[in-house]
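Working notes for the structure below.
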Amino acid sequence: MLPDIRLAIVINPALPLGLIANTVGAISIGLGAKFPSLAARQLTDREARTIDISSNMPVPILQADAETIRSLLLKTLPVENDRAIVPFPAFARSLHDYREYEVTFPNRDLADEAIDGLGLAGPSKWVKSLTGSLKLLR
């Protein structure tokens, strides 16, 4: 894990609130899977109750329209090992089984797809260069 890692999740604010929550949750799982050290710890309180932590660093949720998100995604590719790039393409919502997603994905071109959200984790300078001009989702 990089000592200067930064996270950001970019979401299309035009989505309904439930879809925003679902998209952020799915992207967060992907970021954590790539870099388990973001949260793979436990803490114990004084009464010996142990919990799994949610994150050991801030996770800003930013906003951008679908075109801007797709453009950001294309700027990030190909993926380097010190980075996580987790897109949530809109077509994934119509699939209710991950195996369908795996079968469908290779026949898609992300440059032509609406992207509802994008998670980034990597060197601070890289994440800031991509997301520094975006506003927080409110």
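The values are calculated or read from the model by the stated rules, or taken from the named source; none is laboratory data. Nothing here was measured: the structure is a model prediction, and the numbers come from that model. FYI the Cβ positions are ideal-geometry reconstructions off the backbone, even for glycines, and counts take in every protein chain you see. What goes into the accessible areas is simple: the full protein's heavy atoms, side chains included, and nothing from ligands, DNA or RNA. Shrake-Rupley method; radii C 1.70, N 1.55, O 1.52, S 1.80 Å.
Please specify each residue of the stretch 28-87 satisfying the condition of being part of a helix (DSSP H, G or I) and hydroxyl-bearing (Ser, Thr, Tyr).
Applying the first criterion (part of a helix (DSSP H, G or I)) to the stretch 28-87 yields 28-34, 36-38, 66-76.
Those that are part of a helix (DSSP H, G or I) and hydroxyl-bearing (Ser, Thr, Tyr): Ser28, Ser37, Thr68, Ser71, Thr76.
Taking the stretch 118-138 on its own, how many of its residues are assigned to a helix (DSSP H, G or I), open to solvent by less than 40 Å² (accessible area, probe 1.4 Å) and either in contact with a Lys or Arg (Cβ under 8 Å, 6 or more places away or on another chain) or more than 21 Å from Ile9 (Cα to Cα) (or both)?
If we filter the stretch 118-138 for residues that are assigned to a helix (DSSP H, G or I), which is where we start, we get 124-131.
Narrowing the set further to residues that are open to solvent by less than 40 Å² (accessible area, probe 1.4 Å) leaves 124, 126-127, 130-131.
From the residues that got through so far, the ones that are either in contact with a Lys or Arg (Cβ under 8 Å, 6 or more places away or on another chain) or more than 21 Å from Ile9 (Cα to Cα) (or both) too are 124, 126-127, 130.
So the answer is 4.
Give the residue that is nearest to Pro16 (Cα to Cα), with candidates limited to residues of the stretch 88-109 that are among the charged types (D, E, K, R) and assigned to a loop (DSSP other than H, G, I, E, B). Spell out the reasoning first.
Applying the first criterion (among the charged types (D, E, K, R)) to the stretch 88-109 yields 93, 97, 99-100, 102, 108-109.
Adding the requirement that they be assigned to a loop (DSSP other than H, G, I, E, B) leaves 97, 108-109.
Numbers: Asp97: 22, Arg108: 25, Asp109: 25 Å.
In this case the residue turns out to be Asp97.
Kindly check whether there is at least one residue in the stretch 85-108 that is surrounded by 13 or more Cβ atoms within 10 Å (Cβ to Cβ) and of a type in the set (Asp, Glu).
No, the stretch 85-108 has no match at all.
Given the condition closer than 19 Å to Asp112 by Cβ and either open to solvent by less than 50 Å² (accessible area, probe 1.4 Å) or modelled with pLDDT of 95 or more (or both), answer yes or no: does some residue in the stretch 27-34 qualify?
Start the filter on the stretch 27-34 by keeping residues that are closer than 19 Å to Asp112 by Cβ, which leaves none.
No.
With respect to Gly18, determine if the residue is modelled with pLDDT of 90 or more, touching a helix residue (DSSP H, G or I) at 6+ places or on another chain (Cβ under 9 Å) and not polar (S, T, N, Q).
Numbers: modelled with pLDDT of 90 or more: yes; touching a helix residue (DSSP H, G or I) at 6+ places or on another chain (Cβ under 9 Å): no; not polar (S, T, N, Q): yes.
In short, no.
Do we have any residue at all in the stretch 60-75 that's under 21 Å from Val24 (Cα atoms), modelled with pLDDT under 95 and crowded, with 16+ Cβ neighbours inside 10 Å?
yes
May I ask you to say which residue of Ser54, Ser37 is closer than 28 Å to Leu17 by Cα, open to solvent by 30 Å² or more (accessible area, probe 1.4 Å) and of a type in the set (Gly, Ala, Ser)? Lay out the reasoning, then the answer.
On the way: Ser37 fails: closer than 28 Å to Leu17 by Cα.
Exactly one of Ser54, Ser37 is closer than 28 Å to Leu17 by Cα, open to solvent by 30 Å² or more (accessible area, probe 1.4 Å) and of a type in the set (Gly, Ala, Ser), namely Ser54.
In the stretch 105-117, is there at least one residue being among the charged types (D, E, K, R), more than 18 Å from Ala8 (Cβ to Cβ) and touching a Pro at 6+ places or on another chain (Cβ under 9 Å)?
Pass one, the stretch 105-117, residues among the charged types (D, E, K, R): 108-109, 112-113, 116.
From what's left, more than 18 Å from Ala8 (Cβ to Cβ): 108-109, 112-113.
Still in the running and touching a Pro at 6+ places or on another chain (Cβ under 9 Å): 108, 113.
Yes, the stretch 105-117 contains at least one residue that is among the charged types (D, E, K, R), more than 18 Å from Ala8 (Cβ to Cβ) and touching a Pro at 6+ places or on another chain (Cβ under 9 Å).
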